[in-house]
1. Can you tell me which of (1) under 30 Å from Glu106 (Cβ atoms); (2) crowded, with 21+ Cβ neighbours inside 10 Å; (3) not small (Gly, Ala, Ser) is the one Ile238 doesn't meet?
2. Restricting to region 102-137, what's the tally of residues that are among the basic types (Lys, Arg), in a helix (DSSP H, G or I) and in contact with a helix residue (DSSP H, G or I) (Cβ under 9 Å, 6 or more places away or on another chain)?
3. Any residue that is within 25 Å of the chain's Cα centre (by Cα), more than 16 Å from the ligand (Cβ to nearest atom) and over 20 Å from Ile240 (Cα atoms) - is there at least one of those in region 62-79?
4. In this structure, is Lys322 in contact with a helix residue (DSSP H, G or I) (Cβ under 7 Å, 6 or more places away or on another chain), over 30 Å from Ser174 (Cα atoms) and basic (Lys, Arg)?
5. Please name all residue pairs, on different chains or six or more residues apart, with Cβ atoms under 9 Å, provided the first residue is in region 131-152 and is in contact (Cβ under 8 Å) with a residue 60 or more places away in the chain and the second residue is surrounded by fewer than 15 Cβ atoms within 10 Å (Cβ to Cβ).
6. Can you tell me how many residues in region 124-153 are within 17 Å of Leu112 (Cα to Cα) and either crowded, with 17+ Cβ neighbours inside 10 Å or of a type in the set (A, V, I, L, M) (or both)?
7. Residues that are basic (Lys, Arg): which helices (runs of 4 or more DSSP H) entirely in region 261-368 hold 1 or more of them?
8. Need pairs with beta-carbon distance below 8 Å; first residue on the phi > 0 side of the Ramachandran plot and within region 287-315, second surrounded by fewer than 13 Cβ atoms within 10 Å (Cβ to Cβ); sequence gap 6+ or separate chains.
Amino acid sequence: MSKEKIIPVFVPNYGCPHMCVFCNQIKITGTNTSISREEVIETIDNYLGFFNSNEESIIEIAFYGGSFTAIELAKQIELLEIAKFYKDNKRVNRIRISTRPDAIDENVLKILRKYSVDIIELGVQSLDKEVLNLSERGHSVEDVNNAVKLIKHFNFVLGLQMMVGLPGDNYDKSLSTLLKIIDLKPNFIRIYPTLVIKNTKLENMFISGEYKPLTVDEAVEICKDLLIVATYHQIPVIRIGLQTTECIQLGKDVVAGPFHAAIRQLIESRIYYDIIYSELSNIGISTENEILEVNCNTNIMSNVVGHKSYNKIKLCNEFNLKNIKFNKDDLSDKLIIKIGNIEKYIDVMEYINKKAILILDHAYIRGV
Ligand code: SF4
């Protein structure tokens with residue numbers, strides 16, 4: 001399989017006519033208010049020089065941050081021309097942009113098509129009216145639906161981004177947003193737990209006590225269920241959590257919120273914790289002072305063990321186990337757990353599907 005290699009070009013918000021309460025694009029992209037032609041070319045050349053040309057790969061120029069299609073048109077075209085030049089010369093394979101739902105219309109899409117853009121990511125953030133208002137997003141749910149329809153009509157690959165823990169948000173609203181996003185049938189999703197970034201309105205709301213951010217643990221629990229439901233619906237979640245940069249770190253530009261450099265690993269590990277927990281709870285023998293063996297594929301071993309051995313330590317405490325041994329096995333998407341003379345095969349996908357149905361049934365009962 002070809003490896004995907006991304007050349008990130010961070011576009012600051014100098015085109016964005018809005019100021020969402022959580023946004024300080026300069027801090028998030030690490031980029032100041034302008035980006036020159038020369039800087040973009042230098043960035044692309046640096047990355048291309050760094051990539052191993054003998055390796056089969058798909059190389060993509062991705063304009064991240066800001067609202068690309070809200071930038072002054074001349075600047076958009078300047079940036080797109082550079083990207084198209086590299087694509088036409090077969091030095092890169094794909095071009096990606098990200099933007100706001102209300103910065104999409106037919107003319108915008110015709111321009112993106114003309115400059116060979118392949119992927120459009122829309123910052124949806126929430127599909128709850130109150131959350132959109134409190135976050136001062138400045139666009140409506142209708143804007144999202146219209147933009148998605150148009151993007152699909154033009155046959156672009158579509159990614160939708162959502163946030164959890166925005167002002168006015170809660171578990172049910174996040175799940176409801178995810179379900180509406182799934183109905184829109186994107187090619188992929190990104191999920192961002194809300195962080196309080198320096199010099200944003202959200203920072204003031206946090207200081208005044210008007211806004212309470214999620215803890216890491218709360219964000220992990222919400223995102224875990226979102227990941228399970230998206231996986232059940234076969235929509236890839238390609239990222240959870242903001243990329244750590246020099247500034248995006250707790251104590252630097254992240255003032256508060258569920259920041260963790262390995263949040264995705266925490267979430268995936270928690271799923272394995274739940275799987276093993278539920279099996280041991282129903283094992284039918286005493287686990288006291290026993291040694292539990294868990295066999296799994298090398299690819300998932302670190303998630304099964306947990307970040308800083310979290311799963312190992314917690315399961316040992318919960319079930320009074322003497323120890324847990326994790327063994328590498330040739331299993332794909334399966335776990336074997338052995339304790340005493342009991343051996344159990346666990347199909348991870350089967351667990352995820354059952355769990356997703358349970359989450360959805362409970363949500364239905366609550367009227368989500
Ligand atoms: S639309 Fe995007 S770039 Fe503009 S203020 Fe909101 S989050 Fe920032």
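1. (2)
2. Start the filter on region 102-137 by keeping residues that are among the basic types (Lys, Arg), which leaves 110, 113-114, 129, 137.
In the following step, the residues that additionally are in a helix (DSSP H, G or I) were identified as 110, 113-114, 129.
If we keep only those that are in contact with a helix residue (DSSP H, G or I) (Cβ under 9 Å, 6 or more places away or on another chain) too, we end up with 114, 129.
Number satisfying all stated conditions: 2.
3. Taking region 62-79 and keeping what is within 25 Å of the chain's Cα centre (by Cα), we get 62-71.
Remaining after also requiring more than 16 Å from the ligand (Cβ to nearest atom): none.
The answer is no, given that none of the residues of region 62-79 is within 25 Å of the chain's Cα centre (by Cα), more than 16 Å from the ligand (Cβ to nearest atom) and over 20 Å from Ile240 (Cα atoms).
4. Numbers: in contact with a helix residue (DSSP H, G or I) (Cβ under 7 Å, 6 or more places away or on another chain): no; over 30 Å from Ser174 (Cα atoms): yes; basic (Lys, Arg): yes.
No: the conditions fail for Lys322.
5. Sorted first by the residue in region 131-152, then by its partner, the pairs are Glu136/Met19; Gly138/Pro17; Gly138/Met19.
6. 4
7. Per the criteria, 263-281, 310-319, 348-365.
8. Once the first residue is on the phi > 0 side of the Ramachandran plot and sits in region 287-315, its partners that are surrounded by fewer than 13 Cβ atoms within 10 Å (Cβ to Cβ) give Asn289/Asn320; Asn289/Lys322.
Readers should treat all values here as calculations from the given coordinates under stated rules, not as data from a laboratory. Every value quoted in this text rests on a predicted model; they were computed, and no experiment measured them. Every residue, glycine as well, gets a Cβ built from its backbone with ideal geometry; the counts of neighbours run over all protein chains shown.
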